[in-house]
Every structure is written in C-alpha cells, then in structure tokens.
Amino acid sequence: MEKEIVINKGIVLNMDSVKFSFLNSEASNTDIMKYLKLKYHSYEILCRDLLNPVINVLEKDSKIVFEKSCEEIKEIYNDIIPFSYKEAFELKNDNFKAFVFGTIGVGEMIENLGHTTYKVDGITLTQKKYSPNGDFIEEYEHSNIFEVHKINGEKLGIKEAIYAVKCWCTTTDKEHWLWIEEKYKDDPLEAIASTFRVHESIIPYIRAIKRQGDILLCELEKEVTPDKNDNIVPLSKEQYFGFLKAQA
C-alpha cells in the first residue's frame, strides 16, 4: 500500500503522518497548507479540485487510508490562514516561492501595494504562430511594450524600492508581470531578458527560444548536457530578442 501520494505538481502527502512536503524542499507542512488555502479557499473546493480526483484512482486499501487523512486535514483546514503578500515575499525556498506566486495574482498584488511607472521601452519582432498540435501556421509581426515599475514595499516590510516589469502585447492587450532585480531597472528590454536564465554552456547552441509567460523553452542546434557546476545566467537583450521566435 502506498504511504506517500503526489497530489499536486510536487506536493506529496505522507498518509502515515498526515503531513505535506514539496519537492524535498524545506517548505514546512504549515507553509504548504497555507499555499493550498490560498489556491483552494475552502475544504469543499480543495476536495472537488484536488483530493477527490486522487481518491478516484487509488486502490481500495490506499483509498481508505487517504480518506482518513482527508478527515484529519478537514479538521484544521478552515482555520488555516493563507499567505499574506508579505509572507509569500519572504519565503526562502525559491522553488516553493515561485509555486506560491503562481497562485497569487501578481498584477493585483502590485496594484494593492502601490507603484509608479519607472521606464518604458518596446520592440516589434517577426514571430511564428503554431497550432495546438505544434504545426507551423504563419509568421506575423508582434509588438510588445515593457514597463519597469517601482513598487512600494512598505506592506511587505521592505524599505528599499523593489521593481517589476509589466509586459503587454499591443495586439491582444494582455499583460503579464515579472519581478526583476534592481540592476535591470534602467533598461526594460534588458530587464525582460534577465528573466530568461539558462545554463551558460548551452548559449552557443541555442537555435530558438519559445516563451509562454513563465514557461521557457530552448531549441538547440545539438544535444548538450550541462555540467552540474555550470553557471545559470541571464541572457542579454541581444541574445534574448535575437533568439525569440515564438511567444504567447
């Protein structure tokens, strides 16, 4: 009988202890529960969207133990308080922090904190469009505007200014926010390029980049296996926009 059940993209429930873990990180059981409460606002929603689909695929013995674990979770779930913006921002584990911010509406958060536009730039590129099956459809002109914003960090307990870049497409009017390091604040194009980081050894072999929000894909000229000690570095704006062939 299974003792550990993967319930959601790296979140594992140990049914013996009724404790959660995340990708072998140091994220605590409480932190993971706070994340779940942020994403699934009530126990009923948690069951409908996450727990019940797991129950439906378990063998009989595992199902009995899992259902018992769910009852224990139910007893405390409604008293769990989800992450505040400040708590989420202060998380130490980068992987778990990114996981949490995938649930928080960053644009809404930034509006709540308060911000001012710091610098703006844009670029128009010839991009490729693909079908949902990956078949090439056509090339088209794609214009993006990148706005660096200075964010008020007082509600996060941060005295220093923090910065984010807002990317929006002039065609679809869709926007997407990404946090950036202060050193990139004066160049919006360099700022967005800095959010695409790869093993340094693969850069000479990149044929094309495809990006959808935070999902980053590299097509390489040949198969390359980075060394475990290889540096992970941001692309320059020349590299990034030179390689970028598709985005959504």
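Annotations
- Qualifying residue in the stretch 108-131 (condition: of a type in the set (A, V, I, L, M, F, W, C), assigned by TED's automatic domain parsing to the domain that holds Phe241 and either over 27 Å from Tyr240 (Cβ atoms) or in contact with a Ser or Thr (Cβ under 6 Å, 6 or more places away or on another chain) (or both)): yes
- The set of residues from the stretch 98-118 being more than 20 Å from Asn152 (Cβ to Cβ) and at pLDDT 85 or above comprises Val100, Thr103.
- For the stretch 168-209, a residue qualifies if it is at pLDDT below 90 and either in contact with an Asp or Glu (Cβ under 6 Å, 6 or more places away or on another chain) or farther than 17 Å from Ala98 by Cα (or both), and the qualifying residues are Trp168, Cys169, Thr170, Thr171, Thr172, Asp173, Lys174, Glu175.
- Unique residue being farther than 30 Å from Phe243 by Cβ, outside the structural domain of Gly242 (by TED's automatic domain parsing), touching a residue at least 24 places away in the same chain (Cβ under 8 Å) and of a type outside the set (Asp, Glu) when the list is Ile55, Ile45, Ile81: Ile81
- So Phe66, is it within 25 Å of Lys34 (Cα to Cα), crowded, with 18+ Cβ neighbours inside 10 Å and either at pLDDT below 90 or of a type in the set (Asp, Glu) (or both): yes
- Output for the stretch 196-247, where each listed residue is in contact (Cβ under 8 Å) with a residue 40 or more places away in the chain and of a type in the set (A, V, I, L, M, F, W, C): Phe196, Leu235, Phe241, Leu244, Ala246
- Filter pass, Ala193 being among the aliphatic types (A, V, I, L, M), within 20 Å of the chain's Cα centre (by Cα) and closer than 18 Å to Leu125 by Cα: yes
The values are calculated or read from the model by the stated rules, or taken from the named source; none is laboratory data. As the structure is a prediction and not an experimental result, all values here were calculated from the model. Methodologically, a virtual Cβ is constructed for each residue, glycine included, from the backbone with ideal geometry; neighbour enumeration extends over all protein chains shown.
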